[in-house]
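Notes to accompany the following structure.
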Amino acid sequence: MDGMHLRTRAVVLALPLTLTMTLAFAAPPAAPAAAGPARGGSNYFVYHLEGCHREPYGVVNSYDRAPALIAGQLAAMARAGQQRLRIPVFHHRGPDSGTVMDSTGGTLSEQNTRNLTDLLEAVRDAGFAAVEIAFFPKDANDPMLWTAVDESLYAENLSVVRQVRDIVVRSGLPYVVDLVNEGAPPPGPEYAALLAYDRRLWADYTRDHGTADTVGFSLTVWSAGRVPQLPEVYGDRPPPVHEVHFYGKPGDGDEYRQFMDTDAAMDAIGYRQPWIVGEVWYDDPEAAAGIRRAMRDADREVLFLTQWPLRRGAPCQADTAPPESFAAYAAEGF
C-alpha cells in the first residue's frame, strides 16, 4: 500500500493452525520461525500522521525522536490482542525523509541501524510473538520501475537486505522476510527487468540463507495474474509460505473473489504451500468474513494476517496511527 502499493495491498492472519505443508514437487523446507500459532496484527510503520502526510514519522527512520510514544503504541496494540507486526523498511539512494531511509552505498546510517535495533527491542518488550520485515525499495531503487537491471542499485539493495536481516536475527525475535513488497513480477516483456531482479535476488538470498525464513516476493491484489510467473522466479526452490495482499474494491473484486482466484492459480502450478495474508483494509469486517469464507471453500491454510493502517475507501496510503484495533479480524479467528 505504498507507491506500487496503491495498486495493491494485503493482510496476514494469525491462526492457531497446524503447519502441514505438502508441496507437489519435493520435500518441503521448514516453515519460517515466525509462522507458529499466534494471532496476527498490523503493518506498523508510522507513529503519527498529519492528514495523509506520514513524513517524518517513520517508526524506524525516526524512532529516536519518539521512543516513549512508540513504546506506548506497541503496548496498546498488544493489549488489543495483536501478536505480530509487519515492519516495512523503506529505503532509497537519497536523503532520509523521516520514513524513507538513505541506503546510499548499501548500508543504513549508524542512527537508523540503532533505531531498528531499538525498535525491535521495544517490540519484544511489548510482548509480540514475531515480526515480518518487508523491504520497500523506493524511487531509483525500486526494481518495479527498471527497464534494465542496474548493477550498483542491485548491489545496494542486496546489501541492505543482508544488513537488516542481521539486525533482526540478533534481536532474537522469530521473523520472516518479504524480499520486495509486492515484488512478484507480472507477465509481459515490460517487466523483464523485475523478473531478472527477482531471480537474482532469490538465488543470492537462498544461497546464503536457504528458503526457510522468507516468503520470497509478496503478491499484490492482482495476484492470480502473477502466479504463473512464480516458477520463473523460484525454479525448483519455492518458499515454504507465500504472502498475498487483498484489498476488495470495485473493479478488483472483493476479498473472497481475490482469494479464490489466487488459490485456483496456485493449484494450477502445483503450489499448495500455506499463505500469509500480509495486507488488508484496517479493522474491516467485510474483508475478515470474506477471507475466512474463502479459506473454507478453497481449503487453503492461512498462517496469520496483518492489516494495513488504511480504512476501506480512504484516499491516503495510511490514515490510522497507530493501528490499534484488530477486533474485526479477531472476531473471525485471525
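For segment 84-145, the spread of Cα positions along the three principal axes, ordered from largest to smallest, is 37, 25, 17 Å. If the segment from D208 to T117 were pulled out straight at 0.36 nm per residue, it would be longer than the present Cα-Cα gap by 30.5 nm.
Between V149 and A264, the modelled labels are 3.5 nm apart [label points 7 Å from Cα along Cα→Cβ]. In terms of Cα atoms, the Rg and Dmax of segment 3-331 work out to 18.0, 50 Å. Rg to Rh for segment 178-334: what is it, with Cα atoms only and Rh by Kirkwood? Over the Cα atoms of segment 178-334, Rg/Rh equals 0.97.
With neighbour counts taken as other beta-carbon atoms within 10 Å, the residues L305, L219 rank, fewest first, as L219, L305. Full extension of the chain between D125 and R237 yields a length gain of 36.8 nm, computed as 0.36 nm times the residue separation minus the alpha carbon distance. Sorting K138, K249 by the number of Cβ atoms found within 10 Å of their own Cβ, with the fewest placed first, yields K249, K138.
Taking amide H atoms as placed 1.01 Å from N in the peptide plane, the amide H of G216 lies under 5 Å from those of L179, each 5 or more residues away in sequence or on another chain.
Taking every DSSP bridge with both residues inside the chain, close to 10 percent are antiparallel.
By the count of neighbouring beta-carbon atoms within 10 Å, fewest first, S42, S171, S62 end up ordered S171, S62, S42.
Laboratory data are not the source of any read-out in this text; all were calculated from the coordinates shown. These numbers come from a predicted model, not from an experiment. Don't worry about glycine lacking a Cβ; one is built from the backbone with ideal geometry, like all the others, and counts go over all protein chains shown.
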